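Structure record follows, encoded as structure tokens.
The values are calculated or read from the model by the stated rules, or taken from the named source; none is laboratory data. Given the structure is predicted, the values throughout are model-derived calculations rather than measurements. FYI the Cβ positions are ideal-geometry reconstructions off the backbone, even for glycines, and counts take in every protein chain you see.
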Amino acid sequence: MSRRPRRTYDAPVPPLPLPAGGTVLVPGRGELFVRDSGGDGTPVLLVHGWMFPSDLNWLHSYAPLAAAGYRVLAMDLRGHGRGLRSGEPFSLADCADDAAGVLEQLGLPPALVVGYSMGGPVTQLLARRHPDRVAGFVLCATALDWSDPRQKAFWRTMGGLRLLLGLFPRGAWQAGMRVAGAPSRESNWVASELSRGSARDLAEAGRELGRFDSSGWAGELGQSRSVVVMTKDRLVPPRKQHDLATALGVEPVLLHADHDACSTAPREFVQTLLGALRGLAVADRRTA
């Protein structure tokens, strides 16, 4: 009697090494998942975008930033990846307060914060609500507000998205990755990471973005800052990214790439980000 061949499959293994990950207990808030490269370099907190948790957003950025001498930290926001699950409605302000709590619990000096896409509003709120925790910030592929008519139409689809992800969390992501043409091994890991998110929180996060507007106060932020504009961005219109730079009083750093440059043009993105971070250090020395 012949044996049935053992079934093989592509294990959901990350394609690159990741910094050590663990939970940080923030009193009154809960346990938050954080990646931390360690070391005594200047802390850089990476804040990911909507739907894509830290490892998917920053996979190609971890090692180069650490090699440049930074202590690299990244936390999964509420409802994303391994992020906190709460009975409270998703709130960008809560995400900012979570980040401040992590920095406090780790006993870190004021950090440089990098916000990507939805991470931009979270970073702006962090700088406003907890200015003592933020030495400077870089905002990438993001805006003062997300009320563009095309974006508003997108936010109205959040209810359907919540239903789809709730019924078929992993299958929905795997199908999307296949359509995008991703290699099977990579797509298996990506789908696994995406399926960790809470359908309710992801949908509410989209609605929260649609309500966000910092145009009345962003210019009052006192930290050194930089704005990276994706000139080919099809999700956040480049003109809105330029408006953000104008409101913050900075000359934008241009990257000729689409919204997902962190993963589709990682080398160019990391080089641009490192230059923006060095620019923050120069600005700090000038104002010291």
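Residues in segment 104-118 that are under 20 Å from Gly279 (Cα atoms) and not β-branched (Val, Ile, Thr): 6 in all. Name the residue that is modelled with the lowest pLDDT, counting only residues in segment 181-201 that are surrounded by fewer than 20 Cβ atoms within 10 Å (Cβ to Cβ) and among the charged types (D, E, K, R). Only one residue tops the list, namely Arg185.
Looking only at residues of segment 102-149 that are among the small types (Gly, Ala, Ser) and closer than 19 Å to Val26 by Cβ, we find that the one that is surrounded by the most Cβ atoms within 10 Å (Cβ to Cβ) is Gly119.
Ser214 meets each of the listed conditions (1) surrounded by 15 or more Cβ atoms within 10 Å (Cβ to Cβ); (2) among the hydroxyl-bearing types (Ser, Thr, Tyr); (3) without any contact (Cβ under 8 Å) to a residue 40 or more places away in the chain apart from (3). Restricting attention to segment 17-47, which residues are assigned to a loop (DSSP other than H, G, I, E, B) and surrounded by 11 or more Cβ atoms within 10 Å (Cβ to Cβ)? Answer for segment 17-47, where residues must be assigned to a loop (DSSP other than H, G, I, E, B) and surrounded by 11 or more Cβ atoms within 10 Å (Cβ to Cβ): Leu18, Pro19, Arg29, Ser37, Gly38, Gly39, Gly41, Thr42. Scanning segment 220-240 for residues being closer than 16 Å to Thr264 by Cα, surrounded by 18 or more Cβ atoms within 10 Å (Cβ to Cβ) and hydroxyl-bearing (Ser, Thr, Tyr) gives a total of 0. Is there a residue in segment 69-78 that is of a type in the set (Asp, Glu) and either modelled with pLDDT under 95 or within 15 Å of Ala205 (Cβ to Cβ) (or both)? Yes: segment 69-78 contains one or more residues that are of a type in the set (Asp, Glu) and either modelled with pLDDT under 95 or within 15 Å of Ala205 (Cβ to Cβ) (or both).
Determine, yes or no, whether Ala93 is in contact with a helix residue (DSSP H, G or I) (Cβ under 6 Å, 6 or more places away or on another chain), at pLDDT 95 or above and not in a loop (DSSP other than H, G, I, E, B). In short, yes. Part of a loop (DSSP other than H, G, I, E, B) and either buried (at least 17 other Cβ atoms within 10 Å of the Cβ) or not aliphatic (A, V, I, L, M) (or both), is that true of Pro64? It is false that Pro64 is part of a loop (DSSP other than H, G, I, E, B) and either buried (at least 17 other Cβ atoms within 10 Å of the Cβ) or not aliphatic (A, V, I, L, M) (or both).
May I ask you to verify whether Arg278 is more than 19 Å from the chain's Cα centre (by Cα), over 24 Å from Ser54 (Cα atoms) and either at pLDDT 95 or above or in a helix (DSSP H, G or I) (or both)? No; evaluated as a whole, the condition is false for this residue.
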